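Worksheet: the structure to be examined is printed underneath.
The values are calculated or read from the model by the stated rules, or taken from the named source; none is laboratory data. These numbers were taken from a predicted model, which means no experiment stands behind them. Positions of Cβ are generated from backbone atoms using ideal geometry, with glycine treated the same way; all protein chains shown enter the neighbour counts.
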Amino acid sequence: MGHDDHELADRFDSITTHDALIRWSRAYCSDAIETYGFDVALFPVEWEVSTRAKRRAAAVKTPQIDGASVGEPIAWETKSEPVDCVGDYPACTVSLSWRAFESFDRDEWEATLRHELVHIEQFQAYGTTDHGPAFKRRANSVDAPVRVRRFTTPKYVLLCDDCGDTVAHRYRDCKLVRNPDSYRSACCSAPLSSSKVPNEEN
C-alpha cells in the first residue's frame, strides 16, 4: 500500500532517530518502486545508518560475485558459491549517512534513495552494480543523480600550478596534501599546490 505524500512529508520533517530514518526511507523506496517501475524486491534488503560516513550519502553493500557483469542476468538459485539469499533474491545492505540526511532536503534525499534503488536493481538482476552507461540511463529515467553530491566540505583542495584547475579534494591530511609538488597534474603535467578550504567545521 502506498503512503500519502503529505504523510511522508510530515514524517520526514519529524525524523530524529536512526530507526525513524530507516522506516521513512524504506517507506519511500516502497512507493518509488511502484511509481518509477523499479524491478526491486525490498524484503531481502537490510538497512543501517552510519554516523561516520563523510563522503557518500548512502551506499549499497553487496557480496562480491565472481564473473558477474552488468547486463548479464544471473540465476541466483544456480550459483555454486555461497550467497546469502532470502527466497530467490540475494541479501544486501543499504547504509544511510546521518550527516547526509541532516544536510539534504526531502527532494534530494528522495533522489539519493532512487540512486540506491538503481544499484539494488542492478545487483539483484546481475550480481553486481556500477556507475556505467546502463546505470546512467536508468538513473536518468527515474530522475536520480548519477553521482550524489558531496555533503561535507573537503578540508583540502589540490590545484594545478599551471592552469589552476582543481585536481583533487582531500578530507584529511595526507602525503598529497603535505607534499603536493611531488605530484603532477593530469591536465598540464605540472606540480600541484594544496590549500585548506575555509570552513568553520574544519
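General remarks:
- Residue within segment 171-178 that is touching a residue at least 12 places away in the same chain (Cβ under 8 Å), among the β-branched types (Val, Ile, Thr), outside the structural domain of SER14 (by TED's automatic domain parsing) and in a helix (DSSP H, G or I) present: yes
- Evaluated against (1) in contact with a strand residue (DSSP E or B) (Cβ under 7 Å, 6 or more places away or on another chain); (2) in the same structural domain as ARG26 (by TED's automatic domain parsing); (3) of a type in the set (Val, Ile, Thr); (4) farther than 30 Å from THR35 by Cβ, THR166 falls short on exactly one condition, (2).
- Comparison of ALA134, ALA139, ALA91, ALA125 shows that the only residue that is buried (at least 20 other Cβ atoms within 10 Å of the Cβ) and more than 30 Å from SER182 (Cα to Cα) is ALA139.
Table: residues versus (1) of a type in the set (D, E, K, R); (2) not in a loop (DSSP other than H, G, I, E, B).
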{"residue": "LEU21", "(1), (2)": "no, yes"}
{"residue": "ALA27", "(1), (2)": "no, yes"}
{"residue": "GLU46", "(1), (2)": "yes, yes"}
{"residue": "ARG55", "(1), (2)": "yes, no"}
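- If the condition is being surrounded by 12 or more Cβ atoms within 10 Å (Cβ to Cβ) and either assigned to a loop (DSSP other than H, G, I, E, B) or acidic (Asp, Glu) (or both), then segment 29-44 contributes ASP31, PHE38, VAL40, ALA41, LEU42, PRO44.
- Restricting segment 75-88 to residues that are under 23 Å from the mean Cα position of the chain (by Cα) and in a loop (DSSP other than H, G, I, E, B) leaves a set whose member that is surrounded by the fewest Cβ atoms within 10 Å (Cβ to Cβ) is ASP84.
- Segment 87-117, residues that are touching a Pro at 6+ places or on another chain (Cβ under 6 Å) and modelled with pLDDT under 85: none
- Scanning segment 98-115 for residues that are outside any helix (DSSP H, G or I) and either surrounded by fewer than 13 Cβ atoms within 10 Å (Cβ to Cβ) or touching a Lys or Arg at 6+ places or on another chain (Cβ under 7 Å) (or both) turns up just one, ASP105.
Residue-by-condition table, conditions (1) within 14 Å of the chain's Cα centre (by Cα); (2) part of a loop (DSSP other than H, G, I, E, B); (3) among the hydrophobic types (A, V, I, L, M, F, W, C); (4) farther than 30 Å from ASP173 by Cα:
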site	(1), (2), (3), (4)
GLY71	no, yes, no, yes
LEU96	yes, no, yes, no
GLU121	yes, no, no, yes
ALA125	no, no, yes, yes
ASP130	yes, yes, no, no
LYS136	yes, no, no, yes
ASP143	no, yes, no, yes
ARG149	yes, yes, no, no
LEU158	no, no, yes, no
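- Test for SER189: is it assigned to a strand (DSSP E or B), over 29 Å from PHE104 (Cα atoms) and among the small types (Gly, Ala, Ser): no
- Selection of segment 38-62 for residues being over 16 Å from the mean Cα position of the chain (by Cα) and within 24 Å of ARG137 (Cα to Cα) yields PHE38, ASP39, VAL40, ALA41, LEU42.
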